[in-house]
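Enquirer: I am attaching a structure below and will ask some questions about it afterwards.
Throughout, read-outs are computed from the coordinates displayed, never taken from laboratory work. Just so it is clear, the model here is predicted, and its values are computed rather than measured. No Cβ is skipped: glycine too gets one built from the backbone with ideal geometry, and neighbour counts run over all protein chains shown.
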Amino acid sequence: MTIKVIAFDADDTLWVNEPYFREIEIKFCQLLEDYLPQHTVAQELFKTEIDNLPLYGYGVKGFMLSMVETALRVSEKTLNVEVIEKAIHYGKELLEKPIELLEGVEEVLQALQKHYRLVVATKGDLLDQQRKLRKSGLGHYFHHIEIMSDKKEIDYEKLIKRLDIQPDEFMMIGNSLKSDVLPVLAIGGHGVHVPYHITWAHEHIDHHIEHQNFRQVKTLSEILPFVLA
């Protein structure tokens, strides 16, 4: 391999994220169980989130607005204003969650920093992702931070151009096959999948990946033998 830059997804690759969303989603569904069963509320919330992605993008603020919109819809605008206040409060809870680094993250970054330019390439709300990176204490390991509105082929092509490298000199590591691996493989880069035990439904794919530039590992630390060989 001729890798020059290794990029890391942030949420559920460097630190815990999706479990916090699931925790808030459960609270929200319980809040509306007088109107619909909890599993139905969850389905309605997911539909609202997906419909709103082109407008709000990814992140807590879009999730908060989708909770409010879902609450109004499933209650047919009959709910008490306190329910809306609670939904907004739940969103603020998410923004205040502590940063819990995943196992082995700092050791991996320390090992790679001397050999590669390291990058964060993550989706989400700009202010929130900046806050999480600051609280994580990991910022000094990274040559470049890219907070992306989406992670499609064109988005990675723009990132690679900014980094002044060729696609085959770029490796992306993350927990989402859909966002972190497939687009990078499609433009000629290298993709490493580090599964996380909880993944948002929108990030699921239903096919197996066979590609010479693809690897899957169980833990982040397992990338070290082949990138430092």
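Enquirer: With a ≥ b ≥ c taken as the square roots of the eigenvalues of the C-alpha gyration tensor of region 18-95, please select rounded if a/c is under 1.5 and otherwise prolate if a/b is larger than b/c or oblate if it is not?
Expert: rounded
Enquirer: Here's a follow-up. Among the lysines, which have Cα under 23 Å from the Cα of residue 47 when same-chain residues fewer than 8 positions away are ignored?
Expert: 27, 61, 77, 86, 92, 123, 151, 152, 178
Enquirer: Have a look at 39, 221, 79 and report the one farthest towards the positive end of the charge dipole of the chain, computed about the Cα centre with Cβ charges (Lys/Arg +1, Asp/Glu -1).
Expert: Ranked along the dipole, the leading option is 221.
Enquirer: How much net charge surrounds residue 159 when only the other residues with a Cβ under 10 Å from the Cβ of residue 159 are counted, with Lys and Arg +1 and Asp and Glu -1?
Expert: Cβ neighbours under 10 Å give a net charge of +1.
Enquirer: Here is a further query. Mind checking the alpha-carbon convex hull of the chain and giving the volume per residue in Å³?
Expert: Normalising the Cα hull of the chain by residue number yields 119 Å³.
Enquirer: What number, in percent, do you get for the relative contact order of region 18-95 if the mean sequence gap of Cα pairs under 8 Å and at least 6 apart is divided by its residue count?
Expert: The normalised contact order for region 18-95 reaches 33 percent.
Enquirer: To continue, here is another question. Below 8 Å between Cα atoms, with a sequence gap of 6+, how large is the relative contact order for the chain in percent?
Expert: It rounds to 25 percent for the chain.
Enquirer: Tell me, how many Å apart are the Cα centres for region 45-73 and for region 79-119?
Expert: 19
Enquirer: Within 11 Å, Cβ to Cβ, of residue 44, how many net charges do the neighbouring residues add up to if Lys/Arg are +1 and Asp/Glu are -1?
Expert: Charge balance near residue 44 sits at -1.
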